[in-house]
Amino acid sequence: MVIGILAVQGAFIEHRHMLEQLGVSSFEIRQKNDLLKPMDGIILPGGESTTMGKLLRDLGMLDLLKEKIAQGLPTFGTCAGLILLSQKIEGEKNPHLGLMDIVVERNAYGRQLSSFYTHDLFNKMKIPMTFIRAPYIKEIGQGVEVLSIVSGRMVAARQKNMLVTAFHPELNDDLTVHTYFLEMVSSSS
């Protein structure tokens, strides 16, 4: 199994470390040609979603990435990755990839100083969760399964081949969420 990790901006190296701990090969996706390499799944990391969206467009990667995900490539988006995948971003006209039937609220918990750490349920398992300028899922469409709710807000969900979290599982030692994603990848092949 090989996982590509979008590495144009954001916390991609932390995801590589998580995959290494699970014995899974990965590579960084920095340009359009990297998207053509064989991969069994892709991770869209946390970072700054507006910057990531702009870089994806400027580097000519957005349409190819969208096509691969739409064709069923297992995809895991954390924080900014969640925003990139959403069909609607509150207060903005255009989504980035617009593939997951969710509406998101950016910076829903406030500024950097409002970042927080908690333990809560993900897919019925209690795990550590780090929220940094995190979004949350405001609305879901049909076919979207909510995997985690923290303080009344949806913060993890899955729709077909797409998994998203508003928190950063790559910033903790717990491998639950990455293991869940790799199970998605295994069952898709």
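Below, the figures for the structure above:
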item	result
Checking K160 against (1) loosely packed, with under 15 Cβ neighbours inside 10 Å; (2) modelled with pLDDT of 95 or more; (3) at positive phi, the condition it does not meet	(1)
Members of the stretch 53-90 found to be crowded, with 24+ Cβ neighbours inside 10 Å, small (G, A, S) and under 15 Å from V8 (Cα atoms), listed by number	G77, A80, G81
The stretch 149-171: number of residues that are of a type in the set (S, T, Y) and either assigned to a loop (DSSP other than H, G, I, E, B) or without any contact (Cβ under 8 Å) to a residue 24 or more places away in the chain (or both)	1
For D174: the one exception among (1) part of a loop (DSSP other than H, G, I, E, B); (2) under 18 Å from A11 (Cα atoms); (3) at pLDDT below 95	(3)
Long-range neighbours under 7 Å by Cβ, at least six apart or interchain, first residue part of a loop (DSSP other than H, G, I, E, B) within the stretch 119-131, second of a type outside the set (G, A, S)	N123/L147; N123/Y180
Top-ranked residue of the stretch 30-52 - restricted to ones that are out of contact with any helix residue (DSSP H, G or I) (no Cβ under 6 Å at 6 or more places or on another chain) and surrounded by 21 or more Cβ atoms within 10 Å (Cβ to Cβ), ranked as farthest from H178 (Cα to Cα)	M39
Per-region count, the stretch 15-29, residues surrounded by 18 or more Cβ atoms within 10 Å (Cβ to Cβ) and either of a type in the set (S, T, N, Q) or in contact with a Pro (Cβ under 8 Å, 6 or more places away or on another chain) (or both)	3
Residue that is surrounded by the fewest Cβ atoms within 10 Å (Cβ to Cβ) [pool: residues in the stretch 132-149 that are modelled with pLDDT of 90 or more and of a type in the set (A, V, I, L, M, F, W, C)]	V146
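The values are calculated or read from the model by the stated rules, or taken from the named source; none is laboratory data. Note that this is a predicted model, so its numbers are computed, not measured. Here Cβ is always computed from backbone atoms with ideal geometry, including for glycine, and neighbour counts include all displayed protein chains.
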